[in-house]
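This report refers to the structure that appears directly beneath it.
The values are calculated or read from the model by the stated rules, or taken from the named source; none is laboratory data. The shown structure was predicted, so the numbers you read here are calculated from the model rather than taken from an experiment. Reconstructed Cβ throughout: ideal geometry from the backbone, glycine too, with neighbour counts over all protein chains shown. For accessibility, only protein heavy atoms count, side chains too; no ligands or nucleic acids. Shrake-Rupley method; radii C 1.70, N 1.55, O 1.52, S 1.80 Å.
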Amino acid sequence: RKNLEWFQENGFSRVILCPLGYLPEMERIPKTLLNIDVLWYGSDCERRLEVLADLDHSGLCIKRLVNIYGRERDGWIARSKVILNWHFYEQPIFEIFRCSYLFANRKAVVSEGGSVDEELEDLAHQTCTIAERDEIVEVCQRLCKDDERRRQVEERGYEAFKKIDFVESVRQALEESV
């Protein structure tokens, strides 16, 4: 909704919100041996690098990816117990485009909270394990060691995301556009 507001404030009069949602075709990462504790992928920035440095010294097996996409990225996702979602900006919007694919594939996501978009922040709390900056290492360690808890997080994220029907979102957006 924050993006929608920005577009409207900047002269775009016909802007319609179409929330990202679940499609069965998103489920395509096979279950495999989990030999990576925490995976992080995305662009580097100072606030992310600080968190990753702490994780590097945690004793966990950490994998970082930059500019890796498609099957290669999916292979790393498949092998990872936890995927870290840490905001790029100080005034963040929850990274639904990154995380939706993970939810659809039953992956445990540990995320920073604090999205400036209330609806997306609510979704983050339904689907992720939210961690504050000073507890990120402990939260990741706990989830990596506790298979049952991690499976609960995976299922909770999957079930919450699956309730958001993308086809219905597109249908509603198209109806609003006429």
Label-to-label distance, nm, for residues given as E155 and L20 (7 Å Cα→Cβ offset): 2.6
Contact order relative to length of the chain, as percent, for alpha carbon pairs under 8 angstrom and 6 or more apart: 28
Those lysines that a straight Cα-Cα span of less than 26 Å connects to K63, excepting residues fewer than 8 apart in one chain: K31, K81, K107, K145
A53 paired with L4, simple spin-label distance in nm, labels 7 Å along Cα-to-beta-carbon: 4.0
The stretch 48-152: chymotrypsin sites (Phe, Trp or Tyr not before Pro) falling in loop per DSSP and having at most 10 other Cβ within 10 Å: Y69, Y89
Amide hydrogen neighbours beyond the local backbone of D165, cut-off 5 Å, H modeled: Y22
Accessible surface, the chain, averaged per residue in Å² (probe 1.4 Å): 57
Pairwise centroid distance, computed over Cα atoms, of the stretch 142-166 with the stretch 6-79, Å: 16
Label-zone membership for the stretch 35-54, site C61, 7 angstrom Cα→C-beta point, backbone N under 11 Å: 35-38
Percent carbon-and-sulfur accessible area, the chain, ignoring ligands, DNA and RNA, probe 1.4 Å: 50
